[in-house]
1. How many of the residues in segment 94-112 are open to solvent by 20 Å² or more (accessible area, probe 1.4 Å), within 16 Å of V226 (Cα to Cα) and of a type outside the set (F, W, Y)?
2. Only residues that are among the basic types (K, R) and either over 22 Å from D180 (Cβ atoms) or touching a strand residue (DSSP E or B) at 6+ places or on another chain (Cβ under 9 Å) (or both): list them for segment 200-228, please.
3. Looking at segment 77-93, which of the residues that are more than 21 Å from E7 (Cα to Cα) and of a type in the set (V, I, T) is surrounded by the fewest Cβ atoms within 10 Å (Cβ to Cβ)?
4. For segment 117-153, how many residues are closer than 22 Å to M60 by Cα and crowded, with 22+ Cβ neighbours inside 10 Å?
5. For segment 185-206, name all the residues that are of a type outside the set (A, V, I, L, M), free of Cβ contacts under 8 Å to residues at least 24 places away in the same chain and open to solvent by 80 Å² or more (accessible area, probe 1.4 Å).
6. Among the candidates L69, L47, single out the residue that is assigned to a strand (DSSP E or B) and of a type in the set (A, V, I, L, M).
7. Check H175 against each of (1) out of contact with any helix residue (DSSP H, G or I) (no Cβ under 7 Å at 6 or more places or on another chain); (2) on the phi > 0 side of the Ramachandran plot; (3) not aliphatic (A, V, I, L, M) and name the one condition it does not meet.
8. Quick test for you: out of T93, T52, pick the one residue that is closer than 28 Å to S215 by Cα, among the hydroxyl-bearing types (S, T, Y) and in contact with a strand residue (DSSP E or B) (Cβ under 9 Å, 6 or more places away or on another chain).
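The values are calculated or read from the model by the stated rules, or taken from the named source; none is laboratory data. Treat the numbers as computed from the prediction; the structure is a model and nothing was measured. So basically every Cβ, Gly included, is an ideal-geometry build from the backbone, and we count neighbours across all protein chains shown. Side chains included, ligands, DNA and RNA excluded: accessible areas come from the protein's heavy atoms. Shrake-Rupley method; radii C 1.70, N 1.55, O 1.52, S 1.80 Å.
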Amino acid sequence: YFGQYAEEIDSAKPSASIQALSEMARDSKVYLVGGSIPELEKSTGDLFNTCTVWSPEGEMVAKHRKMHLFDIDIPGKIVFKESEVLKPGHTLTEFSTPWGKFGVAICYDMRFPEVAMVAARKGCVGMIYPGAFNQTTGPLHWELLLRARAADNQIFAAACSPALDKEATYHAWGHSTIVDPYARVVGTTAEAEDIVYGTLDLDLVDEVRKSVPVSSQRRFDIYPDVAA
């Protein structure tokens with residue numbers, strides 16, 4: 001389906017999804033992390049899983065291409081090979097707001113702690129992950145990984161998932177979730193369509209880092225700094 005629904009993102013004439021996301025951000029006067037869509041790079045014919053971020057003025061302020069492709073084989077449960085269709089992105093992504101910087105990554109990127117580590121050490125106060133874990137990996141790791149990324153880096157971590165559609169060929173886990181810098185779940189839901197609300201108290205970032213000062217206790221004389 002990726003090729004069938006792929007859209008150009010950087011073209012002069014905005015595609016339907018890009019126009020809709022821009023209008024929603026502008027009309028609502030919010031920063032909007034627009035999930036992800038299949039992106040076509042027309043010059044090469046390559047396809048990417050891409051997330052765009054929009055300002056309250058409706059301007060695109062960031063674009064993230066999923067870096068780690070979901071190639072897994074869990075015997076007797078699920079086989080999925082994104083690399084058969086998609087190309088990986090090659091850059092880390094962050095965007096600035098009046099409240100601080102946020103990193104963006106997509107779904108399987110969440111499993112790679114280096115992404116959030118680099119974002120946090122470059123001053124991000126949170127990571128946002130559009131994602132669609134399945135009914136096997138979701139119960140096992142969705143909340144666990146979000147809390148781990150928050151705890152490791154003492155930042156907020158949020159993930160938004162599609163709701164479960166039993167008529168679809170892919171069954172998403174749902175459970176969109178927000179986690180604070182103490183790794184506490186401050187907002188979540190189940191598998192049905194819903195909205196999760198959360199207040200990001202940025203004072204918590206400073207509070208937890210003063211209480212448990214791992215950022216000043218790291219031993220880069222023993223192991224490398226991935227953000228260097």
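1. So the count comes out to 1.
2. R219
3. V79
4. Let us first name the residues in segment 117-153 that are closer than 22 Å to M60 by Cα, namely 119, 122-131.
The next check asks that each one be crowded, with 22+ Cβ neighbours inside 10 Å; those that pass are 119, 124-131.
Residues in segment 117-153 being closer than 22 Å to M60 by Cα and crowded, with 22+ Cβ neighbours inside 10 Å: 9 in total.
5. Y197, T199, D203, D206
6. Step by step, each of L69, L47 is checked, and only L47 is assigned to a strand (DSSP E or B) and of a type in the set (A, V, I, L, M).
7. The one condition H175 does not meet is (1).
8. T93
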